[in-house]
């Protein structure tokens with residue numbers, strides 16, 4: 001990993017805008033995150049990347065409605081999984097790290113999908129699916145179009161104060177993934 005220090009003079013010009021959900025690229029050179037591309041945040045947050053050493057402006061990989069957020073790099077650094085949606089329906093998408101080839105993986109209009117992450121080998125994506133205002137399920141699927149998500153475990157508490165959380169004292173180990 002690089003030992004470069006951040007260069008404050010090269011910080012993005014939108015310092016007043018919130019940036020959330022930062023995620024390092026596997027090689028440590030880039031950081032993906034979500035941020036508003038304009039001061040009014042008229043299109044909601046979008047996925048952006050910047051150099052980890054602070055030497056470049058952020059580059060937005062998504063734009064327009066709906067909002068896009070919660071990015072996570074694939075282990076090989078070639079793809080990013082993220083959430084995009086309009087509040088009532090948030091779906092899981094993947095794209096190449098250069099923003100090409102955006103693919104919607106889930107089609108679950110009655111649920112909200114959150115916090116997608118890759119398995120260490122890059123063969124699966126795991127995320128939380130909110131079932132109602134108080135419960136969530138873990139879901140796993142291959143990052144291939146048309147793959148079927150598998151739900152694991154019982155419904156778990158998912159308070160809305162800071163996003164979904166899982167009370168691990170109530171979880172049982174998975175039989176197999």
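Determine the shape class of the stretch 75-132: with a ≥ b ≥ c the square roots of the Cα gyration tensor eigenvalues, call it rounded for a/c under 1.5, and otherwise prolate if a/b is greater than b/c, oblate otherwise. Each step should come with its number before you reach the end.
Working: a/c = 2.84, a/b = 1.56, b/c = 1.81.
Verdict is oblate for the stretch 75-132.
Taking the Cα atoms of the stretch 57-155, what is the range of coordinates along each of the three principal axes, in descending order and whole Å?
Principal extents (Cα only, largest first): 41, 31, 24 Å.
Given R₀ = 22 Å, FRET efficiency for residue 29-residue 121 by Cβ-Cβ distance, to 0.05?
With R0 = 22 Å, the Cβ-Cβ based efficiency is 0.55.
Is the shape of the stretch 41-86 best called rounded, prolate or oblate, per the rule: a/c under 1.5 gives rounded, else a/b larger than b/c gives prolate, else oblate, with a ≥ b ≥ c the square roots of the Cα gyration tensor eigenvalues?
Values: a/c = 3.01, a/b = 1.30, b/c = 2.31.
In terms of gyration-tensor shape, oblate.
Can you pull the one-decimal nm distance between simple spin-label points at residue 147 and residue 96, each 7 Å off the Cα toward Cβ?
Those two pseudo-labels are separated by 1.9 nm.
Quote to one decimal, in nm, the extra length available between residue 76 and residue 104 on full extension: 0.36 nm per residue of separation minus the C-alpha distance between them. Please report the intermediate quantities before stating the final value.
Working: separation 28, 0.36 × 28 = 10.08 nm, distance 2.00 nm.
Gain in length upon complete extension: 8.1 nm.
No value in this document is a laboratory result; all are computed from the given coordinates. A quick note: this is a predicted structure, and the numbers were derived from the prediction, not measured. Cβ sites come from the backbone with ideal geometry, for glycine too, and all protein chains shown count toward neighbours.
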